[in-house]
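Encoded as structure tokens, the structure appears first; notes follow it.
The values are calculated or read from the model by the stated rules, or taken from the named source; none is laboratory data. These numbers were taken from a predicted model, which means no experiment stands behind them. Every residue, glycine among them, receives a Cβ derived from its backbone with ideal geometry; neighbour counts consider all protein chains shown. These area figures cover heavy atoms from the full protein model, side chains too; ligands, DNA and RNA do not enter into them. Shrake-Rupley method; radii C 1.70, N 1.55, O 1.52, S 1.80 Å.
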Amino acid sequence: MTVKAYGAHAADKPLESLTIARRAPGPHDVQIEIAYCGVCHSDLHTVKAEWAGTLYPCVPGHEIVGRVSAVGAHVTGFRTGDLVGVGCMVDSCRHCADCEAGLENYCDAMVGTYNGATGDAPGHTLGGYAERIVVHERYVLRVRHPEHQLAAVAPLLCAGITTYSPLRHWHAGPGKTVGIVGIGGLGHMGIKLARAMGAHVVAFTTSESKRRDAEALGAHEVVVSRDAAALAARARSLDLIVDTVAAPHDLDAYLTLLKRDGTLVLVGAPATPHPSPQVFDLIMKRRALAGSMIGGIPETQEMLDFCAAHGIVADIELIRADGINAAYERMLAGDVKYRFVIDNATLAA
Ligand code: NAP
Ligand code: ZN
Ligand code: ZN
């Protein structure tokens, strides 16, 4: 079966309309007609080969929502017509300690929704900038939000879980002061989620123009990080900081804002390294520097259900598929409020 998609043939080529193959659903597969797909900065890093190992043609997209159009004979969890989501992975080994713990995201054999290893043509996975996808049911999520919110649910599948997981792991909640650095796709979800978990939320942004928005998103305080004095005034005041910035920057500026035993979690994945942090900023207050990658399937479902219960969706700008190259330019300029989402119905046009 061939379907319309949008992708690139090389790092220096714009994305364009493509026709790709999707497998017929196997016994455990769910076939999904994709309604909307969010646009993550990781899509841009990958399609432009900023990280190593991009395979072409590259069809990005791992914030997928849509409706089930067929299921394999052994599928038990989903039926035709169900509203579902697919996030950053479509397979893993299913038996290692990470998979058994529901942390498939840390499985050595995790298969990304795009650019991952597969027996399907063309030999690597093709993502959600496409009319349809076929995924083993283990990696399909149930969407419980009302259907009219579907486009704004899409970004939860990556931006949502990537911030939810570290907030939960490091116990964001009442009595904790949590910083979110960078107010883009991930950061704006981090603010909403940390607020809903009951934490005191401090947003850090390079953009003075985002101050009001950050407050509306739920930040109790907003600090413009270009203002050294404003940063210094928060020294030793935060329990946890989640850093979503997509470019290298000075980590000590944030480490010094942590209390004793505080943790700075990096989720932003710049193509080139950050300058090394000062050892003394870590050892003086027993601070920790950590990383976190998306989240496992059970936690992704938990996050979707938490968001449905709290009425949380992303703030989005809906675009046509042929608007994706312009959207990438705006993303590079930090001009996203706060997630582009592709209306996949426009792929057919
Ligand atoms: P995004 O929407 O482009 O947001 C990134 C934000 O970082 C910007 O809006 C900006 O916020 C801030 N920023 C400050 N200086 C910047 C600079 N020089 N260049 C770019 N951004 C700058 O990106 P995103 O989709 O949220 O993704 C953020 C990063 O997380 C990317 O590197 C992405 O690959 C990575 N990621 C990691 C995971 C994971 O599992 N760990 C999952 C998804 C994405 P202000 O204007 O507020 O400063
Ligand atoms: Zn992503
Ligand atoms: Zn595994």
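Key figures for this structure:
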{"item": "Of residues in the range 168-196 being aliphatic (A, V, I, L, M) and closer than 20 Å to Arg234 by Cα, the one nearest to ligand 3 (Cβ to nearest atom)", "result": "Ala172"}
{"item": "Residue within the range 54-70 that is within 16 Å of ligand 2 (Cβ to nearest atom) and either farther than 24 Å from Gly184 by Cα or surrounded by fewer than 22 Cβ atoms within 10 Å (Cβ to Cβ) (or both) present", "result": "yes"}
{"item": "Odd one out for His274, checked against (1) more than 16 Å from ligand 2 (Cβ to nearest atom); (2) not in a loop (DSSP other than H, G, I, E, B)", "result": "(2)"}
{"item": "Residue, farthest from ligand 1 (Cβ to nearest atom), within the range 97-150, restricted to residues that are open to solvent by 30 Å² or more (accessible area, probe 1.4 Å), polar (S, T, N, Q) and in a loop (DSSP other than H, G, I, E, B)", "result": "Thr118"}
{"item": "Unique match (being in contact with a Ser or Thr (Cβ under 9 Å, 6 or more places away or on another chain), assigned to a strand (DSSP E or B) and surrounded by fewer than 24 Cβ atoms within 10 Å (Cβ to Cβ)) among Ile32, Ile20", "result": "Ile20"}
{"item": "Members of the range 200-217 found to be surrounded by fewer than 24 Cβ atoms within 10 Å (Cβ to Cβ) and more than 12 Å from ligand 1 (Cβ to nearest atom), listed by number", "result": "His200, Val202, Arg212, Glu215, Ala216"}
{"item": "Val153 being touching a residue at least 60 places away in the same chain (Cβ under 8 Å), in a strand (DSSP E or B) and closer than 24 Å to Val267 by Cβ", "result": "no"}
{"item": "Among (1) basic (Lys, Arg); (2) open to solvent by 40 Å² or more (accessible area, probe 1.4 Å); (3) under 30 Å from Gly7 (Cβ atoms), the one test that Arg339 misses", "result": "(2)"}
{"item": "Residues of the range 80-98 classified as among the hydrophobic types (A, V, I, L, M, F, W, C) and within 16 Å of ligand 2 (Cβ to nearest atom), total", "result": "4"}
{"item": "Check on Arg236, open to solvent by 30 Å² or more (accessible area, probe 1.4 Å), outside the structural domain of His45 (by TED's automatic domain parsing), away from ligand 2 (no atom under 16 Å from the Cβ) and not in a helix (DSSP H, G or I)", "result": "yes"}
{"item": "Any hit, the range 58-70, residues being of a type in the set (Lys, Arg) and more than 29 Å from Ala321 (Cβ to Cβ)", "result": "no"}
{"item": "Residue list for the range 303-348, filter: in a strand (DSSP E or B) and under 23 Å from Ile20 (Cβ atoms)", "result": "Leu318, Ile319, Phe340, Val341, Ile342, Asp343"}
{"item": "Of residues in the range 262-311 being modelled with pLDDT of 95 or more, over 22 Å from Leu240 (Cα atoms) and of a type in the set (A, V, I, L, M), the one most open to solvent (accessible area, probe 1.4 Å)", "result": "Ala309"}
{"item": "Single match in Thr263, Thr205 (criterion: touching a Ser or Thr at 6+ places or on another chain (Cβ under 7 Å) and of a type outside the set (Asp, Glu))", "result": "Thr205"}
{"item": "Qualifying residue in the range 163-178 (condition: surrounded by 24 or more Cβ atoms within 10 Å (Cβ to Cβ), over 29 Å from Cys99 (Cβ atoms) and in the same structural domain as Glu215 (by TED's automatic domain parsing))", "result": "yes"}
{"item": "Per-region count, the range 280-299, residues within 27 Å of Met110 (Cα to Cα) and over 20 Å from the mean Cα position of the chain (by Cα)", "result": "2"}
